[in-house]
Amino acid sequence: MNELSFSVPLWVWAAVTLGIGVMLAVDLIAHRDNHVIGFREAAMWSGLWIAIGLGFGLILWAWQGGEASSTYYAGYLIEKALSIDNVFVFALVFSFFAVPDAYQHKVLFWGVIGALAARLVFIFIGAELLQVFFWTAYLFGAFLIWTGYKMAVSKDEEVHPDRNPVVRLVKKIIPTHPRFHGDKFFIRVSGKRIATLLFVVLVAVEATDLIFAVDSVAAVLAITTNTFIVWTANAFAVLGLRSLYFCLAGLLRRFQYLHYGLAVLLAFAGVKLILSETPVGKLPIPLTLGVIAVTITVSIAWSLIATRGEDSDSGETASRTAHRADTQPHPATGAHASAPSAGPHHPEGRPS
């Protein structure tokens with residue numbers, strides 16, 4: 001375990017959290033008209049979010065030195081890599097529910113807010129458990145290794161987001177209309193407040209990301225239990241998730257072997273966590289950074305080389321993974337096409 005420790009004043013926590021809130025507000029205002037986000041616009045926003053994430057590492061370097069900065073970058077890189085897995089599943093959810101392109105960003109925006117909240121809770125709980133009970137490192141490590149194994153051996157299977165137990169529970173508790181009504185999550189019918197199909201989609205995205213948050217946070221905690229670094233690495237990586245989706249939505253079929261790289265990273269994080277509580281001790285951060293960088297590079301290069309020449313549909317509107325019909329019935333009624341495979345693996349690798 002990386003025992004990196006330094007005092008973080010409360011005002012720094014507040015300033016960073018406020019900064020994240022401001023960036024979310026800017027993103028919301030920039031897309032308040034619900035326009036369809038094309039590849040070029042998504043790429044520009046992705047570049048901005050990545051620049052901010054990398055820039056924060058430089059701030060850490062100036063404030064706390066190279067070890068803190070290197071640890072942050074290791075956590076940021078592994079979280080950014082794992083966020084690509086989120087994109088695969090989001091594409092499947094949007095395709096399954098036939099979400100119009102113009103409304104996908106709103107779902108992802110509120111989905112990211114929920115993801116940040118869940119990660120913040122998991123970070124403090126996980127860090128406290130690892131600090132107080134040494135044996136939890138073995139549990140978390142085994143969980144990461146098992147998740148990596150499941151991701152590596154999972155196969156393409158049809159996914160049914162509406163069968164998610166959380167989605168089914170919400171539909172039982174909250175009256176739901178089986179159609180989209182613009183970008184509204186709720187409408188009033190005969191004076192009663194009723195959820196729209198877009199709200200069901202949001203619940204599906206949140207429920208899926210809740211599972212993602214567990215192994216993502218555990219993977220970064222395997223690098224360090226410093227809650228400030230774990231939180232900022234997760235937050236700055238997740239901030240760019242929406243833009244990353246619209247960048248990669250049309251390219252997902254080319255990432256056929258990326259899941260093997262992600263599986264290796266999860267298993268490596270699990271082994272690292274277990275070794276931290278043995279005589280071997282914590283692995284050096286430079287080694288961790290090297291393994292992460294090489295694994296990501298090799299798996300992406302392998303995928304792109306193996307699929308070169310294939311139609312990636314990465315034109316001006318790479319985000320077109322859903323139909324545009326605002327009146328599309330709820331998939332559960334039977335009026336839908338099966339969600340196409342958006343990637344090489346089934347989300348079962350990170351169970352939903």
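The values are calculated or read from the model by the stated rules, or taken from the named source; none is laboratory data. All values reported here derive from a predicted model rather than from experimental measurement. Reconstructed Cβ throughout: ideal geometry from the backbone, glycine too, with neighbour counts over all protein chains shown.
Numbers at a glance
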quantity: Residue in the stretch 276-286 that is part of a helix (DSSP H, G or I) and either modelled with pLDDT of 70 or more or under 28 Å from Gly114 (Cα atoms) (or both) present; calculated: yes
quantity: Some residue of the stretch 267-282 being surrounded by fewer than 23 Cβ atoms within 10 Å (Cβ to Cβ), of a type in the set (D, E, K, R) and either without any contact (Cβ under 8 Å) to a residue 60 or more places away in the chain or more than 22 Å from Ile145 (Cα to Cα) (or both); calculated: no
quantity: Residue count, the stretch 59-105 (criterion: of a type outside the set (Asp, Glu), in contact (Cβ under 8 Å) with a residue 24 or more places away in the chain, in contact with a helix residue (DSSP H, G or I) (Cβ under 8 Å, 6 or more places away or on another chain) and assigned to a helix (DSSP H, G or I)); calculated: 29
quantity: Of all residues in the stretch 5-58 being of a type in the set (Phe, Trp, Tyr) and part of a helix (DSSP H, G or I), the one that is surrounded by the fewest Cβ atoms within 10 Å (Cβ to Cβ); calculated: Trp11
quantity: Where a residue in the stretch 131-156 is among the small types (Gly, Ala, Ser) and its partner, wherever it lies, is not in a helix (DSSP H, G or I), with Cβ under 8 Å and at least six apart; calculated: Ala137/Met1; Ala137/Ser276; Ala137/Glu277; Gly141/Ala222; Ser154/His345; Ser154/His346
quantity: Selection within the stretch 198-222 - within 10 Å of the chain's Cα centre (by Cα) and aromatic (Phe, Trp, Tyr); calculated: Phe212
quantity: Some residue of the stretch 240-257 being touching a Phe, Trp or Tyr at 6+ places or on another chain (Cβ under 6 Å), surrounded by fewer than 23 Cβ atoms within 10 Å (Cβ to Cβ) and not in a helix (DSSP H, G or I); calculated: yes
quantity: Flag for Ile194 being out of contact with any Pro (no Cβ under 9 Å at 6 or more places or on another chain) and not small (Gly, Ala, Ser); calculated: no
quantity: Filter result for Asn234 (under 18 Å from the mean Cα position of the chain (by Cα), of a type outside the set (A, V, I, L, M, F, W, C) and modelled with pLDDT of 80 or more); calculated: yes
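Residue-wise test of (1) of a type in the set (Val, Ile, Thr); (2) crowded, with 18+ Cβ neighbours inside 10 Å; (3) at pLDDT 85 or above.
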{"site": "Gly66", "(1), (2), (3)": "no, no, yes"}
{"site": "Glu79", "(1), (2), (3)": "no, yes, yes"}
{"site": "Asn86", "(1), (2), (3)": "no, yes, no"}
{"site": "Phe90", "(1), (2), (3)": "no, yes, no"}
{"site": "Val93", "(1), (2), (3)": "yes, yes, no"}
{"site": "Val99", "(1), (2), (3)": "yes, yes, yes"}
{"site": "Val107", "(1), (2), (3)": "yes, yes, yes"}
{"site": "Leu130", "(1), (2), (3)": "no, yes, no"}
{"site": "Thr147", "(1), (2), (3)": "yes, yes, no"}
